[in-house]
Amino acid sequence: MEQFISTVKSQVIPLSSVDMISGMINTPYASFYQNPGSVDDFMPSEQLKSAFYLALQTFPILAGHLRQTGDARFSIVVDKDNLNMPEYLESTSDIHYKDIKSAGFDRRAWPSGVATVGAMMAPNAKGIIKTANIHIVRLKDNSGLILFLNIIHCVADGFAYFAFLNHWAAVCKAIRSGTVETPKPMVEFTFDRSIIEQSLPTERKQLDATTNDIFTQSSLISQWLAWMSPETRGGMAAFLLSLGNIETHVFHINDSTLKMLRSTVGEHVPEGVRMSDNDVLVALLSKTYAQALHSAKEKGGNVFTRVVGSIGAAALGLLFGTERNQATGMACDIRPRIGIADRNYIGCPLMVPFISNPLDDLLTPTTAESLARIASSVRKLVDSLDAPYVGAFIDAVDSVSSSSVHLAVNPQKHPAALFTSNQTRFRMFEADFGDGCQEWVIFVQGRPGGVILMPCPPPMKGVNMSMCIEAPIFKEILANNFWMSTASQIN
C-alpha cells in the first residue's frame, strides 16, 4: 500500500453523462476458487494484497472520491493527500468449499457477510462511498476461497470490472512466479473520457421514441433526485431496496436447447432476418417476466418495489401519460460501435436502448410465433445501433442535467419494465492468481427486474442467466411451463 500511496498523483476525472446513466448502482461479483490439491500456499494473503496495490497503480481511479458538481454532474477526485482507499477485508469461515459447491453455489450455503455492500452505492458507516470493496473469505480446511469484489458502476462497467480483476490476478501470478519483483502492466488502460467524444461521427440517427422519452423527459421527481448528494440518494435507494423481498437466482439454458429454440423461433421471422441468441433470450425473458409479475399481482403477492414504482408511475402519468407497453432495456457497450474496442477504455460507456411491446401481447401464451414478434423487434433495434445512433443517444443524455436518474425513474410508467445485460463475451473465468481460474462467478445483487446473461464456466456450454427479482415474481416464474421446459434452475 505504501508504494501506491507514494506514487499516486492527484487528478480529477470528470465522469460523462453516459457514465452516470446507470445511476447509483454497484457492480458486485463473487468469484469462487477451489483448492483441490489442499496446497498450503493456496492464494496466499500477503501476495494477494501486495498484487492488489500494485494493480491499483494502474487503476488509481479506484482510490478516488465521487464528487458532485453544481450542475448535477460528477467527477472522481483522486487526492494524494486524502485518498479514498478501497475497503480491503479478509476473513475465515468454518464452511467447507465442497458444501457450497454441492449446493450449486446457492447463496444460502455461503458464509454470512460475504458481500460487504449491496446493489446500491450507499455510504458506509463513516458516510463515505467507497469506489471499490474487496472481501476475501477463506473457507474451512483451506479448501478454497470466495473473492468478493465490488466497483461502483459509474467508474467501471462489466468489461472494465473484469479487466481490473484479471489484471490484479496477472500481477499476483507474476509475483508468485518470482520472475519479476514489480511487474509492469501487461495491458495499457485509458481513463480519458474525451476519447468517446473524439470518436463520435458528425452524423446522427433519430432515436426510437421509447428510448428518447426515457432519457430526455425530466420531471420534478427526477430533478429532485438528481440534485441530491450521491450519499443521500444512494442511502435512500439502498433503504428502499432493503424493504423488498428481493432474491437473486441463476438459471441455465444449455447449448442444444438454445439452438433449438432459436431455430424454432426463426421459422416465424421474415426470410433473410438473422436471429441471434440474444434476440431470442430477450424475447423469452420479456414475456416470462411480464407474465410472472402479472400473476404475482393477481394472486396478491407483495411486490414491494413495484408498489413504490407504481407511486412514481402515477406521478409520472400525470405529467407524461401512462403506458400499456412493457419497456425492455438492453445495456449495450458503445466501444465497438465507435471504433475504440482496442483502446482498453475503463469507464461505463454504455447506452440502454429500449424496445416497447404491448403488455396484452406479452400476457398471451408463450409460443415460437409470439417470441418471434418480440425477437424481431429486438433484432431491428440492435441492427440500428451504429455510431450515428450512439452520437444521438449521447446528445439526448447530455441535453438534460437530471439524466443520471432517468433510468431509475422514467421506466416506472411502463408496466413490467425489464433490464437486460448480455455479458456472455466477458472474460469472466480468466482470473488466475497462480492456482487456477474461478470455478464459479455470480453477480451478487442488482436492481429488481434486472437480468444478466453470463458465460458458463468451462466445460459447461450454453448461457447462465442471473435474475434479480422479488420472491412472489420468482415463485410465478417457477410455475411458468414454457420457461421451466427451456431453462433449469441452478440456484
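The values are calculated or read from the model by the stated rules, or taken from the named source; none is laboratory data. Predicted model, so just to flag it, every value in this text is computed and none were measured. Cβ placement follows ideal geometry from the backbone for every residue including glycine, while neighbour counts extend to all protein chains displayed. What goes into the accessible areas is simple: the full protein's heavy atoms, side chains included, and nothing from ligands, DNA or RNA. Shrake-Rupley method; radii C 1.70, N 1.55, O 1.52, S 1.80 Å.
Quick notes
- Criterion violated by residue 122 - all others in (1) at pLDDT 95 or above; (2) open to solvent by less than 40 Å² (accessible area, probe 1.4 Å); (3) among the aliphatic types (A, V, I, L, M) satisfied: (1)
- Among the residues of the range 258-275, just one is among the hydrophobic types (A, V, I, L, M, F, W, C), open to solvent by 30 Å² or more (accessible area, probe 1.4 Å) and within 19 Å of residue 464 (Cβ to Cβ), namely 260.
- Residue check for residue 422: within 30 Å of residue 17 (Cβ to Cβ), polar (S, T, N, Q) and open to solvent by less than 10 Å² (accessible area, probe 1.4 Å): no
- Residue satisfying condition, being more than 29 Å from residue 174 (Cα to Cα) and over 24 Å from the mean Cα position of the chain (by Cα), within set 109, 125, 72, 119: 125
- Only one of 354, 304 that is closer than 17 Å to residue 469 by Cβ and either within 27 Å of the chain's Cα centre (by Cα) or modelled with pLDDT of 95 or more (or both): 304
- Residues in the range 210-239 that are in a helix (DSSP H, G or I) and open to solvent by 70 Å² or more (accessible area, probe 1.4 Å) were compared, and the one that is farthest from residue 388 (Cα to Cα) is 239.
- Residue ID - farthest from residue 451 (Cα to Cα), chosen from residues in the range 418-430 that are touching a Gly at 6+ places or on another chain (Cβ under 6 Å) and hydrophobic (A, V, I, L, M, F, W, C): 426
- Where residue 428 falls short, out of the listed (1) in contact (Cβ under 8 Å) with a residue 24 or more places away in the chain; (2) of a type outside the set (Ser, Thr, Tyr); (3) open to solvent by 10 Å² or more (accessible area, probe 1.4 Å): (3)
- Selected residue (criterion: most open to solvent (accessible area, probe 1.4 Å)) from residues of the range 41-73 that are part of a loop (DSSP other than H, G, I, E, B), among the charged types (D, E, K, R) and closer than 27 Å to residue 23 by Cα: 71
- On inspection, residue 129 qualifies as of a type in the set (Val, Ile, Thr), surrounded by 20 or more Cβ atoms within 10 Å (Cβ to Cβ) and over 24 Å from residue 433 (Cα atoms).
- One residue from 393, 443 being in contact with a helix residue (DSSP H, G or I) (Cβ under 8 Å, 6 or more places away or on another chain) and of a type in the set (Phe, Trp, Tyr): 393
- For the range 307-351, filtered to residues that are of a type in the set (Gly, Ala, Ser) and within 17 Å of residue 396 (Cβ to Cβ), the residue that is modelled with the lowest pLDDT is 327.
- Filter result for residue 395 (farther than 21 Å from residue 161 by Cα, out of contact with any Phe, Trp or Tyr (no Cβ under 6 Å at 6 or more places or on another chain), of a type in the set (Asp, Glu) and open to solvent by 10 Å² or more (accessible area, probe 1.4 Å)): yes
- Residue check: residue 76 meets all listed conditions (1) touching a residue at least 60 places away in the same chain (Cβ under 8 Å); (2) open to solvent by less than 10 Å² (accessible area, probe 1.4 Å); (3) assigned to a loop (DSSP other than H, G, I, E, B); (4) over 27 Å from residue 455 (Cβ atoms) but one, namely (3).
- Residue check for residue 82: open to solvent by 60 Å² or more (accessible area, probe 1.4 Å) and either part of a strand (DSSP E or B) or within 30 Å of residue 226 (Cα to Cα) (or both): yes
- Among the residues making up the range 325-357, those that are among the small types (Gly, Ala, Ser) and surrounded by fewer than 22 Cβ atoms within 10 Å (Cβ to Cβ) are 331, 339, 341, 356.
- Within the range 22-39, being modelled with pLDDT of 90 or more, touching a helix residue (DSSP H, G or I) at 6+ places or on another chain (Cβ under 7 Å) and not in a strand (DSSP E or B) holds for one residue alone: 35.
- Candidates 254, 278: the one that is in contact with a Lys or Arg (Cβ under 8 Å, 6 or more places away or on another chain), open to solvent by 30 Å² or more (accessible area, probe 1.4 Å) and polar (S, T, N, Q) is 254.
- Of all residues in the range 137-195, those satisfying the criterion of being modelled with pLDDT of 90 or more, of a type in the set (Ser, Thr, Tyr) and assigned to a helix (DSSP H, G or I) are 161, 194.
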